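A.B. asks: Attaching a single structure in structure tokens format; questions to follow.
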Amino acid sequence: MNEHIDWHEQENWRSRLETALKANRRDAHSRYFQLATAGLDGSPQCRTVVFRGFLGDGDHLLAITDARSQKVAEIERDHRGHAHWYFARSREQFRLQTSLRLWDASGDQAVRTALWAKLSDAGRAQFFWPEPGAPLASGDSLTVTEDPPANFCVIDIEPRYVDYLWLGKTHQRIISERVGSSWQERSVNP
Ligand SMILES: Cc1cc2nc3c(=O)[nH]c(=O)nc-3n(C[C@H](O)[C@H](O)[C@H](O)COP(=O)(O)O)c2cc1C
């Protein structure tokens, strides 16, 4: 190991992210982050999604989406994703290189069903709209169901490399890298 690198094996980017979410909770938008994927033509594609929590006690983040959306086709083709957060109140940036997996009606249903149960009727209604991106048609009436519809899809976001930047009194940048089954962290110049 390079002796000039300051490794902190015990530290965890997840606790830093949880602290930031708490410190910024008065800003509703602190639950939103940007998720970038590779477009079908290779071009970068980025959009805002809602953070739906961590998967159990682990490091994976969860989001939900419509299986008919463009991002799903992109993730099926290329599992790499980039998640980005900026917390204005605490002046922290998180940039996460991630691996994305999709859970639809054909996979394990536990998390999918739990996330569906937490959605409001308005949140559920979005999954009953006609094809996303299709021309808007008027007069469509919406129904919602207790069980998730086939197009309700969970995005399981597994971080592998996290670049954390804090623009506090002293600027701090910490790189967290997944090595085997554990994380290694090092402070670097911002
Ligand atoms: C504040 C906000 C929150 C959003 N949350 C989600 C979300 O949780 N899941 C989602 O699929 N799209 C969400 N969207 C819409 C996406 O940003 C995007 O427009 C949509 O998913 C289509 O993206 P795609 O064509 O790249 O698949 C949100 C948009 C905004 C502005």
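A.B. asks: What Kirkwood radius, in Å to one decimal, follows from the Cα pairs of the chain?
C.D. replies: After inverting the pairwise mean of 1/r, the radius is 18.2 Å.
A.B. asks: What lysines sit close enough to K22 to cross-link, taking a C-alpha to C-alpha distance under 24 Å and skipping anything fewer than 8 places away on the same chain?
C.D. replies: Here the lysines satisfying the reach criterion relative to K22 are K118, K169.
A.B. asks: Per q in 0.11, 0.12, 0.17, 0.21 1/Å, what log10 I(q)/I(0) does a Debye calculation on the alpha-carbon atoms of segment 1-110 return?
C.D. replies: Once normalised to I(0) and log-transformed, intensities are -0.43, -0.51, -0.93, -1.22.
A.B. asks: Next question. If you take the charge dipole of segment 80-190 about its Cα centre, with +1 on Lys and Arg Cβ and -1 on Asp and Glu Cβ, which of G168, V144, G123 is farthest toward its positive end?
C.D. replies: G168
A.B. asks: So, one more: Could you go through segment 36-51 in sequence order and give the Karplus-derived ³J(HN,Hα) for each residue, using 6.51 cos²θ - 1.76 cosθ + 1.60 with θ = phi - 60°, rounded to whole Hz, and x for Gly and Pro?
C.D. replies: Result, rounded to whole Hz: 9, 9, 8, x, 4, 9, x, 6, x, 10, 9, 8, 8, 9, 8, 6.
A.B. asks: When only Cα pairs under 8 Å and 6 or more residues apart are kept, what is the percent relative contact order across the chain?
C.D. replies: 25
A.B. asks: Then there's this: Could you pull the Cα extents of segment 111-190 along its three principal axes, largest to smallest, in whole Å?
C.D. replies: Principal axes ranked by extent give 56, 29, 22 Å for the Cα atoms.
A.B. asks: I need the fraction of alpha carbon pairs in segment 37-101 separated by more than 21 Å, rounded to a whole percent.
C.D. replies: The proportion of pairs with Cα distances above 21 Å equals 27 percent.
A.B. asks: So what's the projected area for segment 82-133, the Cα convex hull averaged over all directions, in nm²?
C.D. replies: For the Cα atoms of segment 82-133, the hull's average projected area reads 6.2 nm².
Throughout, read-outs are computed from the coordinates displayed, never taken from laboratory work. Computed from a predicted structure; not experimentally measured. In this analysis, Cβ positions are derived from the backbone assuming ideal geometry, glycine residues included, and neighbour counts consider all displayed protein chains.
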